[in-house]
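Only the coordinates and a few stated rules stand behind these numbers; no lab work does. Fair warning: this is a prediction, and the values are worked out from it, not measured in the lab. Here the Cβ positions follow ideal geometry from the backbone for every residue, glycine too, while neighbour counts run over all protein chains shown.
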Amino acid sequence: MKVSITVNGREYTHEVEPRMSLAQYLREVLRLTGTHIGCDTSSCGACTVLLDGSAVKSCTVLAVQADGREVTTIEGLARNGTLHPIQQAFKEMHGLQCGFCTPGMIMTAYEILKQHPQPTEEQIRHGLEGNFCRCTGYHNIVRSIQRAAELMASNA
């Protein structure tokens, strides 16, 4: 099937297998490897991207379902070489260790901050449900999202 998907502001048109996941399309066709595949069952959240501005687990969305829609990946958050405030906050607050879950955590954080610009710790922890980190114990991830909220408020 032929799909046209806008990814990180650029439109792409390709023939894809109807069963190809959006995660596979991003990684294998577009070579955007920041979207990680950890489980293929939507359990880990490493593949989270924004689809029309909302966080989705791209391993459970078919590329054909994204036809005519807009996808933002971790690569698309930074602008002109400047990290997005969420990316900057994860860097400042040590919100990563091995980095495997980080792209999904950051994209999920985007959704959390869209819904709750000044989130409580409880809102952050609830919003992160479904995203697994096997390294950090989440403390620095929560602190990173709190810091991102501060940075985004000061940039507004």
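Details
- Among the trypsin sites (Lys or Arg not before Pro) in region 33-85, those located in a DSSP loop and surrounded by at most 16 other Cβ atoms within 10 Å of their own Cβ are 69.
- Counting neighbouring beta carbons within 10 Å and listing from fewest to most, the residues 47, 98, 59, 135 come out as 98, 135, 59, 47.
- Put in order of Cβ neighbour count within 10 Å, fewest first, the listed residues 107, 1, 152 become 1, 152, 107.
- Likely footprinting exposure, 142, 71, fewest C-beta neighbours within 10 Å first: 142, 71
- Taking the chain and dividing mean pair separation by its residue count, relative contact order in percent (alpha carbons under 8 Å, at least six apart): 24
- Our summary gives region 85-155 a relative contact order of 52 percent, counting only alpha carbon pairs under 8 angstrom and 6 or more residues apart.
- Computed over region 109-150: relative contact order in percent, which uses C-alpha pairs under 8 Å that are six or more apart: 51
- For residue 47, neighbours were defined as the other residues whose beta-carbon sits under 10 Å from its Cβ, and their charges (Lys and Arg +1, Asp and Glu -1) total +1.
- Compactness of region 48-154 as Cα Rg over 2.2 N^0.38 Å, two decimals: 1.03
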